[in-house]
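**Student:** Let me give you the structure first, and then I'll get to my questions.
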Amino acid sequence: MVVSGWKKIPLGDVLKLQRGFDLPHTKRQPGDIPVVSSSGISGQHSEAKAKSPGVVTGRYGTIGEVFFISEDFWPLNTTLFVKDFKGNNPLFISFLLRTIDFKSCSDKSGVPGVNRNDLHNLEVKLPPLPEQKTIAQSLSDVDALITECDRIITKKRNTKQGTMQQLLTGKKRLPGFSGEWEVKKLGEIGEFKNGINKGKEDFGFGYPFVNLLDVFGRSKIFQGVSFGLVNSSGAERKIYELRKGDILFIRSSVKPEGVGLTSVVNDDLEDTVYSGFLIRFRDFGELDFEYKVHCFNEEEFRKRVIDSSTVSANTNINQDALKNLQITLPPTIEEQKAIAQILSDMDAEIAALEQKRDKYKAIKQGMMQELLTGKTRLEYDLDN
């Protein structure tokens, strides 16, 4: 059903798509013209091939992303760009294209990629131009809120990173604390244990099993996270147990940035063992729990872990290398706690901003579903 004043017509009657242009890196010249690939702006060049405003989507590679370009640009040959808007509002078109299932128009000819002729044949619902402008402005306003949240989040993250580098090295002291910081090797303040190795036949049943994927992207591991299962004996579960405060290091990764990533165990994980791709570090009581969360995920420490690794088929780090890594510690647990509290408060502030941004994204998604189908109408100026 098409609402009053709207038309249901082929996309090819709304706009004309054209394939982008080849531009090898060797032929790019210094300039400020954005070069747009299937994943967005990917560089600059001295010459433009398309006038602004522009709308670009992926023909190969990243399919389904749509980019609105507000300046003259060079669309690469992995993209399709709108050559002719046929009198329609370009910003509205950028939102309209985001509702299209591009993957349904790919691979039809046996050649990977999106066929513009298939896209042109898709039917879309099109409001009159004044309503297009009103819809586009409303959605753009929400986009502006999302962009501003992202800007503030980036600023807060950079501030936190700088604060970590100051507080976790003793370069900056908190009021009320004094005394000399100590440099200690990890092997002096705790012990390491490689994880359990099992055959394929032992997986899929038995007891909880923490793998390296459970460590990626997670600062803490807690009861309730969905782990795999492994057949393990009572003796093994005693040897490879996980207690609150244990740190798990990834000891082998295809990519260098993966090796040495850490998660701190947030609960006593009863009857749970951990993978041979991980190394457990258990300190002797000199480290505050929250301090560990920040200290072992700090950028400079991560860099030293990677520098201590070896490269073969994968990038690896072993217990000996980890034992010799040094950290700088405040003289008291109380100062560790105070430092950790400040950093945790900053994390909470960032998380609240991320939640706010995600709320705006959900609002925008709902608005698109309502406004771009005509289910909800906005008042608009017929002379606009």
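The values are calculated or read from the model by the stated rules, or taken from the named source; none is laboratory data. Keep in mind it's a predicted model, so treat the numbers as computed, not measured. Every residue, glycine as well, gets a Cβ built from its backbone with ideal geometry; the counts of neighbours run over all protein chains shown.
**Student:** Can you find, within region 302-315, the residue that is farthest from Ile339 (Cα to Cα) among those that are within 24 Å of the chain's Cα centre (by Cα) and touching a residue at least 40 places away in the same chain (Cβ under 8 Å)?
**Tutor:** If we take residues in region 302-315 being within 24 Å of the chain's Cα centre (by Cα) and touching a residue at least 40 places away in the same chain (Cβ under 8 Å), then Asn314 is farthest from Ile339 (Cα to Cα).
**Student:** Please go through region 208-241 and pick out each residue that is more than 24 Å from Glu257 (Cα to Cα), aromatic (Phe, Trp, Tyr) and modelled with pLDDT under 95.
**Tutor:** Hits for region 208-241: nothing passes.
**Student:** Using beta carbons and a limit of 7 Å, which pairs, at least six apart or on different chains, have the first residue in region 223-246 and more than 18 Å from Lys198 (Cα to Cα) and the second one in a loop (DSSP other than H, G, I, E, B)?
**Tutor:** Taking only residues 6 or more apart or on different chains, the pairs are Gln223/Asp267; Arg243/Asp268; Lys244/Asn266; Lys244/Asp267; Lys244/Asp268.
**Student:** Sticking with this structure for a sec: For Ser309, all conditions in the list (1) buried (at least 16 other Cβ atoms within 10 Å of the Cβ); (2) modelled with pLDDT of 95 or more; (3) not β-branched (Val, Ile, Thr) hold save one; what is the number of the exception?
**Tutor:** Going through the list (1) buried (at least 16 other Cβ atoms within 10 Å of the Cβ); (2) modelled with pLDDT of 95 or more; (3) not β-branched (Val, Ile, Thr), Ser309 breaks only (2).
Yes/no per residue for (1) touching a Phe, Trp or Tyr at 6+ places or on another chain (Cβ under 9 Å); (2) outside the structural domain of Arg243 (by TED's automatic domain parsing); (3) under 29 Å from Val293 (Cβ atoms); (4) assigned to a helix (DSSP H, G or I):
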{"site": "Asn117", "(1), (2), (3), (4)": "no, yes, no, yes"}
{"site": "Gln132", "(1), (2), (3), (4)": "yes, yes, no, yes"}
{"site": "Leu145", "(1), (2), (3), (4)": "yes, yes, no, yes"}
{"site": "Ile152", "(1), (2), (3), (4)": "no, yes, yes, yes"}
{"site": "Thr163", "(1), (2), (3), (4)": "no, yes, yes, yes"}
{"site": "Pro175", "(1), (2), (3), (4)": "no, yes, yes, no"}
{"site": "Lys193", "(1), (2), (3), (4)": "yes, no, yes, no"}
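**Student:** Quick check on region 178-185. Is at least one of its residues out of contact with any Gly (no Cβ under 9 Å at 6 or more places or on another chain) and in a loop (DSSP other than H, G, I, E, B)?
**Tutor:** Checking region 178-185: at least one residue is out of contact with any Gly (no Cβ under 9 Å at 6 or more places or on another chain) and in a loop (DSSP other than H, G, I, E, B).
**Student:** Give me the residue from region 316-334 that is polar (S, T, N, Q) and loosely packed, with under 15 Cβ neighbours inside 10 Å and, out of that set, farthest from the chain's Cα centre (by Cα).
**Tutor:** Taking the candidates together, the pick is Thr332.
**Student:** Here is a further query. Residue by residue through region 160-201, note down the ones that are over 15 Å from Glu300 (Cα atoms), loosely packed, with under 14 Cβ neighbours inside 10 Å and polar (S, T, N, Q).
**Tutor:** Ser178, Asn197
**Student:** Run down Leu186, Leu174, Leu126 and say which single residue is closer than 30 Å to Val3 by Cβ and in contact (Cβ under 8 Å) with a residue 12 or more places away in the chain.
**Tutor:** Leu126
**Student:** Follow-up. Please find, among Thr169, Thr159, the residue that is at pLDDT 95 or above and either more than 28 Å from Lys323 (Cβ to Cβ) or outside the structural domain of Phe284 (by TED's automatic domain parsing) (or both).
**Tutor:** Thr159
**Student:** Just the residues that are free of Cβ contacts under 8 Å to residues at least 40 places away in the same chain and within 30 Å of Val311 (Cα to Cα), please, taken from region 205-222.
**Tutor:** Leu213, Gly217
**Student:** Hey, another quick one. What do you reckon, is Gly374 more than 24 Å from the chain's Cα centre (by Cα) and assigned by TED's automatic domain parsing to the domain that holds Phe205?
**Tutor:** no
**Student:** Does region 253-260 contain any residue that is touching a strand residue (DSSP E or B) at 6+ places or on another chain (Cβ under 7 Å) and at positive phi?
**Tutor:** yes
**Student:** Which of the numbered conditions does Glu71 fail, given that it passes all the others? Conditions: (1) surrounded by 14 or more Cβ atoms within 10 Å (Cβ to Cβ); (2) within 31 Å of the chain's Cα centre (by Cα).
**Tutor:** Glu71 satisfies every listed condition except (1).
**Student:** Shifting gears a bit: If Leu96 satisfies all but one of (1) of a type outside the set (Phe, Trp, Tyr); (2) part of a loop (DSSP other than H, G, I, E, B); (3) at pLDDT 95 or above, what's the number of the condition it fails?
**Tutor:** (2)
**Student:** Go over the candidates Phe68, Phe92, Phe85 one by one and state the one that is assigned by TED's automatic domain parsing to the domain that holds His25 and touching a residue at least 60 places away in the same chain (Cβ under 8 Å).
**Tutor:** Step by step, each of Phe68, Phe92, Phe85 is checked, and only Phe85 is assigned by TED's automatic domain parsing to the domain that holds His25 and touching a residue at least 60 places away in the same chain (Cβ under 8 Å).
**Student:** Looking at Lys375, Lys337, Lys359 in this structure, which one is in a loop (DSSP other than H, G, I, E, B) and surrounded by fewer than 17 Cβ atoms within 10 Å (Cβ to Cβ)?
**Tutor:** None of the other options fit; the residue is Lys375.
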